Each structure stands twice: as C-alpha cells, then as structure tokens.
1. Given the stretch 209-303, what strands (runs of 3 or more DSSP E) lie entirely inside it while holding 1 or more residues that are open to solvent by 20 Å² or more (accessible area, probe 1.4 Å), β-branched (V, I, T) and in contact (Cβ under 8 Å) with a residue 60 or more places away in the chain?
2. Working only within the stretch 181-208, note down all residues that are without any contact (Cβ under 8 Å) to a residue 60 or more places away in the chain, open to solvent by 40 Å² or more (accessible area, probe 1.4 Å) and either at positive phi or part of a strand (DSSP E or B) (or both).
3. Taking V133, is it of a type in the set (V, I, T) and buried (at least 18 other Cβ atoms within 10 Å of the Cβ)?
4. Look through the stretch 155-175, keep the residues that are touching a Leu at 6+ places or on another chain (Cβ under 7 Å) and part of a strand (DSSP E or B), and return whichever of them is farthest from M92 (Cα to Cα).
5. Applying the selection to the stretch 56-75, what residues are exposed (fewer than 13 other Cβ atoms within 10 Å of the Cβ) and assigned to a helix (DSSP H, G or I)?
6. What number of residues in the stretch 25-55 are in contact with a helix residue (DSSP H, G or I) (Cβ under 8 Å, 6 or more places away or on another chain) and either open to solvent by less than 30 Å² (accessible area, probe 1.4 Å) or closer than 30 Å to L147 by Cβ (or both)?
7. Part of a helix (DSSP H, G or I) and of a type in the set (S, T, Y) - does that describe any residue in the stretch 123-145?
8. Name the pairs whose Cβ atoms lie under 6 Å apart, with the first residue in the stretch 149-168 and more than 20 Å from L82 (Cβ to Cβ), the second in a loop (DSSP other than H, G, I, E, B) and open to solvent by less than 20 Å² (accessible area, probe 1.4 Å), and 6 or more positions between them or separate chains?
Amino acid sequence: MSEPWRRLPALSLKQIQYFVTLAQLRSFTDTANRLAISQPALSSALRQIESVLGGKLLNRTAQGVSLTEQGEAVLPYAERLLNTAHSAFDDMQQIMRQGGDGTLRIGLVPSVSTLLFPVVPQLLSEYFPDMRVEFHDLTNDALLLELENGSVDFGIGATDSTVPDSVAIYPLLEDPFVAVIRRDDPLSEGHNIPWRQLAKRDIALFSKGNVSRLVSSLIESNRLNLRVSYRVDFQETLYGLVRSRLALAILPELYTATLNDDELTVIHLQQPTLSRTVAMMRKPAPLRSPKTEQCFQFLLQTFHRQIKEKAERNI
C-alpha cells in the first residue's frame with residue numbers, strides 16, 4: 001500500500017470522470033450535457049489530465065472524438081479508479097448511516113452457486129455480522145473484467161488461458177465435463193462414455209465463454225469428429241433441446257447439481273477426460289480492507305474444508 005503522505009497527482013476524480021464519459025460518448029457536446037458542465041470547462045479538464053500524465057489522450061476532429069493509442073491504454077485504469085472510488089464512497093456512506101464494516105462484493109459464475117448456498121451466507125452472517133454481502137452473478141469473462149476494474153472484491157469462477165496475470169488464482173476443485181442425455185437414450189446404459197461415441201450425434205453447447213472454449217479446444221486438439229449443432233446462452237435451453245430429442249448437451253458437472261428431471265440423466269465423458277478448474281480469484285495486492293482480507297481467507301478455508309469432506313463421503 002502507498003504511503004499516506006505520498007504526494008498525489010493534481011487530478012480530481014471529477015476530471016477522471018470527464019475523461020471516461022467522453023471516451024464513452026465520443027462527443028464534447030454530449031459529454032458536457034451529460035455532466036452538466038460547459039464545453040470550455042470540459043476541454044480545460046482534459047488538457048490538465050494530458051498535462052499531468054504527459055501525453056495526448058484524445059484526437060478531436062470535425063467528425064467527433066477518438067482516443068489515441070495512449071488514451072485507449074489509459075482508459076481501463078481510469079475506469080478502475082472510478083469504480084473503486086464509487087465502491088469506497090458507497091461503503092463510507094453505509095458505515096456512516098448504519099455502522100458496520102462496509103460491503104463485501106463477491107462475483108460468481110452461476111454454476112458454482114451450489115458451493116455457496118445456503119451454507120456460506122449463513123457463515124458470513126455469523127462470523128462477520130457487521131459486513132454487508134453482495135453476490136454478483138456473472139459470466140466467467142465478465143467476472144475477470146469486474147476483478148480487473150475493482151467492481152468486485154473477489155470471485156469464484158473457472159480458469160483458462162484468458163485469465164490475466166494480474167489476477168491471482170486459488171484452485172478449489174476440478175469440475176469434469178459430462179453429457180446430459182435422455183434416460184431412454186441408448187448411451188444412458190453406461191456410467192461413462194468416450195467422446196468419440198458422440199460422433200454423428202447432434203450436440204448442444206454454450207455459445208461463448210470458458211466452457212465453449214475448453215470443449216472446442218478439446219475437439220480440435222484430439223481431432224474429434226463431433227457435430228455441434230446448437231450453441232445457446234442459457235442452461236435451461238440446453239436441457240430443453242435434450243428433452244425434445246434434438247441434441248445431447250455437454251457442460252461441466254457443477255451445472256447439473258440442481259438438475260431434477262426424471263427424463264434426463266448425467267453421463268461422465270472420458271477418453272480423454274476434460275475438466276475445468278474452479279477457483280477463487282482476486283487481485284494479488286492486499287484487498288481494500290483487513291476485514292475484506294479476513295473474509296477472503298475465511299471463505300477459502302471453508303471451501304477447502306467442504307470439498308474435502310464431500311470427497312471423503314464419496315470414497
């Protein structure tokens with residue numbers, strides 16, 4: 001953490017907000033109207049930012065505003081600074097209104113919710129009674145962005161090559177890929193099936209994100225002749241395609257934890273095996289407060305204990 005007496009640059013959060021808003025709207029007129037300031041004041045603020053940072057951020061032409069290469073590089077840091085400031089100010093307001101330790105913001109991909117609920121919120125309420133907790137439901141790609149810009153304190157998601165070096169990973173478990181098929185499907189007679197046995201079958205898969213990338217990479221690297229006929233955004237759409245005999249669905253096992261359908265069953269895929277690593281994720285630097293750090297370490301230990309106890313029960 002920086003020394004509290006270290007001199008800060010002569011920039012205000014409002015000036016940073018001006019730059020971020022202008023980068024989004026790409027118009028001095030629209031930005032000035034949105035922020036309720038004059039265009040000369042906006043231009044003056046942008047000149048001061050460029051002077052302090054030591055470079056040109058914007059190109060202003062008759063057609064509008066564009067960011068320079070340096071401006072594009074600076075923008076994510078400016079957005080992160082604003083998000084952190086907004087979150088900190090909200091926490092300070094809450095502490096002044098209600099007391100307590102502020103708000104803990106946890107991002108998670110939907111499929112890992114069974115790891116949290118209902119036990120984890122109850123434990124947080126018991127051990128950190130003055131901490132307000134928010135759970136932010138996000139795709140894995142969105143979770144990484146929220147971690148980068150400081151909108152969430154930490155998250156629970158899946159790792160792959162898209163996780164930036166600026167995000168620290170704390171592995172929890174391996175989540176194997178499975179096929180969801182109808183119980184009257186001939187493939188349902190076994191507990192495991194090789195991927196090659198899915199050849200000539202119509203397959204449904206999530207349209208984007210971590211799951212899609214992992215399956216597509218496996219198909220390509222193993223030269224599997226598989227036919228992905230449907231790419232959808234939602235889990236229930238996958239199940240609907242299976243119920244309708246239009247396809248079988250491929251997804252990680254955690255997604256199926258709440259599947260309760262007499263028509264459908266879950267079969268593990270093998271030869272080769274494929275899994276995703278579910279992990280807690282955070283920025284490597286110390287979290288924004290000692291209490292937030294304590295919550296992170298508490299949850300990490302809780303998850304490890306729960307996963308170990310479950311594995312022992314399954315032996």
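The values are calculated or read from the model by the stated rules, or taken from the named source; none is laboratory data. Because the structure is a prediction, the values reported are computed rather than measured. Here the Cβ is made from the backbone with ideal geometry for all residues, glycine too, and neighbour counts use every protein chain on show. Surface areas here come from the heavy atoms of the whole protein model, side chains and all, with no ligands, DNA or RNA. Shrake-Rupley method; radii C 1.70, N 1.55, O 1.52, S 1.80 Å.
1. Ranges flagged: 264-270, 275-282.
2. Result: K200, D202.
3. no
4. D175
5. Those that are exposed (fewer than 13 other Cβ atoms within 10 Å of the Cβ) and assigned to a helix (DSSP H, G or I): E69, E72, A73.
6. 13
7. Within the stretch 123-145, one or more residues are part of a helix (DSSP H, G or I) and of a type in the set (S, T, Y).
8. Taking only residues 6 or more apart or on different chains, the pairs are G157/V109.
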